[in-house]
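Q: This structure is in structure tokens; I'll ask about it shortly.
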Amino acid sequence: VGLLPAALAPDEQNEATEKLRLAFNLASTELSLRREASRRRGGASPFDTLPQTLMQCIFEHMWLGDGGVARCVAPSWRRGLDMLGLGRRLAPAMLPPSGRMVAKELIALLARVPPRLCQSLTELRLPQGTKLTARGAQSILRHCKGLRTLDLGYFCSSTSCDTSSLLAFSSRESLPHLHSLRLALRPASGSVDGLVGLCKGLGPRLLELRIESVGLYLDDGHLKCLAKHCSSLRQFALHNDAGKYEFESDPLVGWGLRFLLEHCPSLELLELGLTCRLGLEVFELLASKVEASASRLRRLQVYGVVSLETAAGNALCRRLADLLARPGRNGFANSEEDYRSFLASVVRGRCSIFVPSMEYLCDLNIG
């Protein structure tokens, strides 16, 4: 009945419901006959023998509550979902028509989802417009103990969470399987101290950390602290918001990032957007480590680093591009076009993408 348009008259709804029920019964009967025929032949369903890599690709597109659909295709699919726990996400159909949701609605939604399904949820991205407080965070902790990926407004301008909600996720026992964290830091919401406290709580089990900084800035001391507690990081991204970036207010110069490179040996992906004041020492260390096979880095994405626009910086960029073009690596990107393309692939909830030109950033540095 939930699939039927609300505008239908009661008689029309009853008729449409009966048609849906008949179609479902026919499909169930046909599926049962096919399974029985397969059992008598002594063979497995063709869906039971698909390659594992293909099965994982299919499972990654499953939404929360799709276990029943998977079981209708083949019982092994449901067992595979339960065993692997892949792709359990909130379906867009669960959101309001506007696509926006306040924390109260999010809490109500989590409470409405059957506990067995909610406990198997592995990825949660705050819906657009959510203003998460400590109460909302406690609801997520209570209902979604199986989370592996938590997105608290990363590149989603109308979503935010305050410091108390960040710290609520910092307990080691709260989300024992969480290993991927994406969030936005805004002056009116989560503070840098809240981020540091959260990362301290997650510790070495944190494998992915992505930060969008909007009006707040991480300094080298913050990066050193993050690296000390999250030494198992495989992916690290730091992007300053282009629309609110102030060159003079950015305190990050590089020694904290060098510490991170030294103490996170498993790092495979590094993204730095509009970290304009970084020195060349960071990239020289990175090039030396890659060249000596002392780094697992496969992909480097940077934009807005003024020091890379010098003659020495250009030579270093060529060296990095050559090193990261080798087999097993995924390349080096440092152009405005690459950065615009990157933002277009991750930005949601925004009408336009603003990226300042390198000429403008270099003029700021001269001034």
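The values are calculated or read from the model by the stated rules, or taken from the named source; none is laboratory data. None of these values were measured; they are calculated from a predicted model. Neighbour counts run over all protein chains shown; Cβ positions are idealised from the backbone, glycine included. Note: areas computed on protein heavy atoms with side chains; ligands, DNA, RNA excluded. Shrake-Rupley method; radii C 1.70, N 1.55, O 1.52, S 1.80 Å.
Q: Within the stretch 311-342, take every residue that is within 18 Å of Asn240 (Cα to Cα) and not in a loop (DSSP other than H, G, I, E, B) and give me the one that is modelled with the highest pLDDT.
A: The selected residue is Ala333.
Every residue, every condition in (1) of a type in the set (Gly, Ala, Ser); (2) over 30 Å from Ser158 (Cβ atoms), yes or no:
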| residue | (1), (2) |
| --- | --- |
| Leu274 | no, no |
| Leu280 | no, yes |
| Leu286 | no, yes |
| Arg299 | no, no |
| Ala312 | yes, yes |
| Ala321 | yes, yes |
| Ala325 | yes, yes |
| Leu343 | no, no |
| Val346 | no, no |
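Let's see how each residue does on (1) more than 27 Å from Arg142 (Cα to Cα); (2) open to solvent by less than 20 Å² (accessible area, probe 1.4 Å); (3) not β-branched (Val, Ile, Thr):
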{"site": "Cys161", "(1), (2), (3)": "no, yes, yes"}
{"site": "Ser170", "(1), (2), (3)": "no, no, yes"}
{"site": "Pro204", "(1), (2), (3)": "no, no, yes"}
{"site": "Leu207", "(1), (2), (3)": "no, no, yes"}
{"site": "Leu223", "(1), (2), (3)": "yes, yes, yes"}
{"site": "Gly243", "(1), (2), (3)": "yes, no, yes"}
{"site": "Arg258", "(1), (2), (3)": "yes, no, yes"}
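Q: Answer yes or no as to whether Leu218 is at pLDDT 90 or above, open to solvent by less than 10 Å² (accessible area, probe 1.4 Å) and not basic (Lys, Arg).
A: yes
Q: Sticking with this structure for a sec: Determine, yes or no, whether Leu226 is over 22 Å from Arg186 (Cβ atoms), assigned to a helix (DSSP H, G or I) and among the aliphatic types (A, V, I, L, M).
A: When the stated conditions are applied, Leu226 does not pass them.
Q: I need a count of the residues in the stretch 144-179 that are within 23 Å of Asp220 (Cα to Cα) and assigned to a helix (DSSP H, G or I).
A: 3
Q: Test Leu316 against the criterion of being without any contact (Cβ under 8 Å) to a residue 60 or more places away in the chain and either under 16 Å from Met358 (Cα atoms) or under 23 Å from the mean Cα position of the chain (by Cα) (or both), and give yes or no. Talk me through it step by step, then tell me what you get.
A: On the way: without any contact (Cβ under 8 Å) to a residue 60 or more places away in the chain: yes; either under 16 Å from Met358 (Cα atoms) or under 23 Å from the mean Cα position of the chain (by Cα) (or both): no.
No.
Q: Can you tell me how many residues within the stretch 229-251 are closer than 20 Å to Phe354 by Cα and not in a loop (DSSP other than H, G, I, E, B)?
A: Going through the stretch 229-251, the residues closer than 20 Å to Phe354 by Cα turn out to be 237-250.
In the following step, the residues that additionally are not in a loop (DSSP other than H, G, I, E, B) were identified as 237-240, 242-244, 247-249.
So the count comes out to 10.
Q: Next up: Going by the structure shown, is Gly273 small (Gly, Ala, Ser) and open to solvent by less than 20 Å² (accessible area, probe 1.4 Å)?
A: yes
Q: Additional query: Looking only at residues that are at pLDDT below 95 and of a type in the set (S, T, N, Q) in the stretch 234-265, which one is nearest to Leu364 (Cα to Cα)?
A: Within the stretch 234-265, the match that is nearest to Leu364 (Cα to Cα) is Ser249.
Q: Something else: Provide a single number: the residues in the stretch 180-201 that are surrounded by 18 or more Cβ atoms within 10 Å (Cβ to Cβ) and part of a loop (DSSP other than H, G, I, E, B).
A: Total meeting the criteria: 3.
Q: For the stretch 280-310, name all the residues that are closer than 20 Å to Ser266 by Cβ and part of a loop (DSSP other than H, G, I, E, B).
A: Correct list: Ala292, Ser293, Ala294, Ser295, Arg296, Leu297, Arg298.
Q: Go through the stretch 260-270 and give me each residue that's crowded, with 18+ Cβ neighbours inside 10 Å and part of a helix (DSSP H, G or I).
A: Those that are crowded, with 18+ Cβ neighbours inside 10 Å and part of a helix (DSSP H, G or I): Leu260, Leu261.
Q: While we're on this one: If you check every pair at least six apart or on different chains, which have Cβ atoms under 7 Å apart with a residue in the stretch 121-133 that is open to solvent by 60 Å² or more (accessible area, probe 1.4 Å) first and a residue that is in a strand (DSSP E or B) and at pLDDT 80 or above second?
A: Cβ pairs passing all conditions: Glu123/Thr149; Arg125/Asp151; Lys131/Ser160.
Q: Here is a further query. Conditions first: (1) within 23 Å of the chain's Cα centre (by Cα); (2) surrounded by 16 or more Cβ atoms within 10 Å (Cβ to Cβ); (3) closer than 25 Å to Val347 by Cα. Asp250 passes all but one, so which condition is the exception?
A: Of everything listed in (1) within 23 Å of the chain's Cα centre (by Cα); (2) surrounded by 16 or more Cβ atoms within 10 Å (Cβ to Cβ); (3) closer than 25 Å to Val347 by Cα, Asp250 misses just condition (1).
Q: Same structure again: Could you tell me how many of the residues in the stretch 318-337 are open to solvent by 60 Å² or more (accessible area, probe 1.4 Å), closer than 14 Å to Ser295 by Cα and charged (D, E, K, R)?
A: Qualifying residue count for the region: 1.
Q: Just checking, does the stretch 343-360 include any residue being under 25 Å from Ser295 (Cβ atoms), part of a loop (DSSP other than H, G, I, E, B) and either at pLDDT 85 or above or among the polar types (S, T, N, Q) (or both)?
A: Checked the stretch 343-360: no residue is under 25 Å from Ser295 (Cβ atoms), part of a loop (DSSP other than H, G, I, E, B) and either at pLDDT 85 or above or among the polar types (S, T, N, Q) (or both).
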